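Working notes for the structure below.
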Amino acid sequence: MEPQEDTKPAYKRLASPHNPPLHVIVVGAGLGGCAAAIALHHHGHKVVAVLDKVRNFTRLGDSLGLGENAYRLLARWGCNIKEIQDIGNQAPTMKIRRWHDGKVLAEQPLMDMAGYIGHRGDYHDIFLKWVRERNIPIRMGCDVVSYSDSDPTPSLTLASGETLTADLIVACDGIKSLARHLVLGARDDPVSSGYACFRAYFEPSPEMRADPTRNAFLGEDSVNFWIGPDTHVVQNTLRGGKEFNWILTHKDEGDIPESWFQPGDMDEVRRLAADIDPNIRHAIMSTEKCLDWKICYRKPLPTWVSPKSHRIVLLGDSCHAHLPTSAQGASQATESSGVLALCLSLVRRDEVRVATRAYEKLRFPRVRVSQTHGEDLRDRWHNVLKNAEENVDIEPEKVKIKNRPLYVFDAEQDVMNKWEGVASKVRRELTMGKIEPLCPE
Ligand SMILES: Cc1cc2nc3c(=O)[nH]c(=O)nc-3n(C[C@H](O)[C@H](O)[C@H](O)COP(=O)(O)OP(=O)(O)OC[C@H]3O[C@@H](n4cnc5c(N)ncnc54)[C@H](O)[C@@H]3O)c2cc1C
């Protein structure tokens, strides 16, 4: 048979509508910063640098989900998303189980929650590669310590004393964002969610693989959740079952700091997991070490854009962090990237402020929906078995993950649908010199 000709058109980035193109600096080369750089590049803008304060990236974190809402955009921007899909968990379904005996309460396609679940570090490596493939400079060891909100050229200063200017600065500096305070004047006020999670990620030993009390979920890629009163466990495998991850969410009565790196107390884990389904209990109990993550909220911010020039914007966890149960942190940062880049393409070169103010107005309601999905799921899981009789069946709908509607959303199409209305509102507000806050201050 003749080889089929590949009829798929080669990827071509869009031409800039501006002459010269807008120059943009991205602060933070996490998943959000990389997605922003890729989206801006796709829409024809010039990303002069992506800056990150760390000197090297290592394989940090554990499981992270990317939904179809993010894939669709990344594919449109010329990224080969198969690279992500290939290293993600391949289980077709996930099972939601009763805490103490593992009875399956609901089973649903993995795509209903996180799309592909993969290791954050592995996904991050691919995002960084995509940025480099576009010849966008990533500058490591660049700690941004201050911003100047000058119009028309905002600037930032690095710890080294170097000052950089651009037409627009996009601060993707994560949940502990400095930009939130320096640019918006907002205090970083983490609000405890009342929960923390112990997390462990490891390669199971040959002994564990051979031990029938610990290997129930090691045979093939799997994703399981055990839910109980005020607690749940997530288990999944990665790298084709070579690596194993469990996350135990529990009431947070302690006073641990909010950190990605805080060591956890395995004795406390063993106490909390003492009555969980034996099929997962022994795998948890015999784990050597774990991390302890406090789960904090940030109150929604009334603005994501600098007040004077409107040319420094926040994006990703710096302005819309999500609970782990939402599985949408990276996907929503990707959506925000597409929206910002497209809004910039829809305005004249001297109208950046219209684009940035439209960006925040378009994104705010959408991320609130996605954030509250995560809160709703956690509350349903933690409450459904309270006072439930042992032998009463739980309706599957009560425990199912309901993220699917989030995935059909095309963030760039949404901009096109709403552009006229939102742009005229922004223009009116700018003329009157009064920008309506996104939420009460
Ligand atoms: C270490 C770590 C582990 C994580 N693990 C998980 C996980 O296991 N599961 C999960 O769902 N989510 C995890 N997350 C969160 C997840 O990556 C984000 O929710 C999502 O990718 C959106 O990312 P972001 O780019 O907005 O922020 P982040 O991913 O936090 O990236 C922010 C980047 O900004 C850089 N930065 C911060 N301040 C400055 C500054 N002043 N100057 C220059 N650079 C700066 C940081 O070094 C970092 O690289 C983790 C985040 C981190 C940082």
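Considering each of Leu60, Leu74, Leu64 in turn, give the residue that is in a helix (DSSP H, G or I) and within 16 Å of the ligand (Cβ to nearest atom).
Only one candidate passes the filter, namely Leu74.
Any idea which residue in segment 117-171 is least open to solvent (accessible area, probe 1.4 Å), counting only those that are part of a helix (DSSP H, G or I), among the charged types (D, E, K, R) and within 15 Å of the ligand (Cβ to nearest atom)?
Asp122
I want to confirm something. Restricting to segment 290-322 and keeping residues that are within 13 Å of the ligand (Cβ to nearest atom) and assigned to a loop (DSSP other than H, G, I, E, B), which single residue is farthest from the chain's Cα centre (by Cα)?
Among residues in segment 290-322 that are within 13 Å of the ligand (Cβ to nearest atom) and assigned to a loop (DSSP other than H, G, I, E, B), the one farthest from the chain's Cα centre (by Cα) is Cys290.
Scanning segment 175-189 for residues that are of a type outside the set (A, V, I, L, M) and over 24 Å from Leu22 (Cα atoms), which turns out surrounded by the most Cβ atoms within 10 Å (Cβ to Cβ)?
Initially, segment 175-189 is screened for residues of a type outside the set (A, V, I, L, M), giving 176-177, 180-181, 185, 187-189.
Remaining after also requiring over 24 Å from Leu22 (Cα atoms): 176-177, 181, 185, 187-189.
Details: Lys176: 15, Ser177: 24, His181: 11, Gly185: 10, Arg187: 8, Asp188: 13, Asp189: 10.
Per the stated criteria, the residue is Ser177.
Limited to segment 292-347, what total is found for residues that are open to solvent by 20 Å² or more (accessible area, probe 1.4 Å) and free of Cβ contacts under 8 Å to residues at least 60 places away in the same chain?
1
Residues of segment 374-414 being closer than 14 Å to Gly67 by Cα, open to solvent by less than 40 Å² (accessible area, probe 1.4 Å) and of a type in the set (Phe, Trp, Tyr), which ones?
Tyr407
Within segment 249-256, identify whether any single residue is among the aliphatic types (A, V, I, L, M), touching a residue at least 60 places away in the same chain (Cβ under 8 Å) and over 28 Å from Val104 (Cβ atoms), and answer yes or no. If you could, list the steps in order and put the result at the bottom.
As a first pass, look at segment 249-256 and keep what is among the aliphatic types (A, V, I, L, M): 256.
Keeping just the survivors that are touching a residue at least 60 places away in the same chain (Cβ under 8 Å) gives 256.
Narrowing further to those that are over 28 Å from Val104 (Cβ atoms): 256.
Looking through segment 249-256, at least one residue is among the aliphatic types (A, V, I, L, M), touching a residue at least 60 places away in the same chain (Cβ under 8 Å) and over 28 Å from Val104 (Cβ atoms).
State all residues of segment 260-277 that are open to solvent by 60 Å² or more (accessible area, probe 1.4 Å) and outside any loop (DSSP other than H, G, I, E, B); if no residue qualifies, say none.
Pro263, Asp267, Arg270, Arg271
Within segment 17-41, how many residues are near the ligand (Cβ under 8 Å from one of its atoms) and part of a strand (DSSP E or B)?
Residues meeting the conditions: 1.
So which pairs qualify, if the first residue must be in segment 26-38 and over 15 Å from Lys53 (Cβ atoms) and open to solvent by less than 10 Å² (accessible area, probe 1.4 Å), the second must be near the ligand (Cβ under 6 Å from one of its atoms) and part of a helix (DSSP H, G or I), the Cβ gap must be under 8 Å, and the two must be at least 6 apart or on different chains?
Ala35/Ala330; Ala35/Ala333; Ala36/Ala333
The values are calculated or read from the model by the stated rules, or taken from the named source; none is laboratory data. These numbers come from a predicted model, not from an experiment. When we count neighbours, we look across all protein chains shown, and the Cβ atoms used for this are built from the backbone with ideal geometry, even at glycine. Just so you know, the surface numbers come from the protein's heavy atoms only, side chains and all, with ligands and any DNA or RNA stripped out. Shrake-Rupley method; radii C 1.70, N 1.55, O 1.52, S 1.80 Å.
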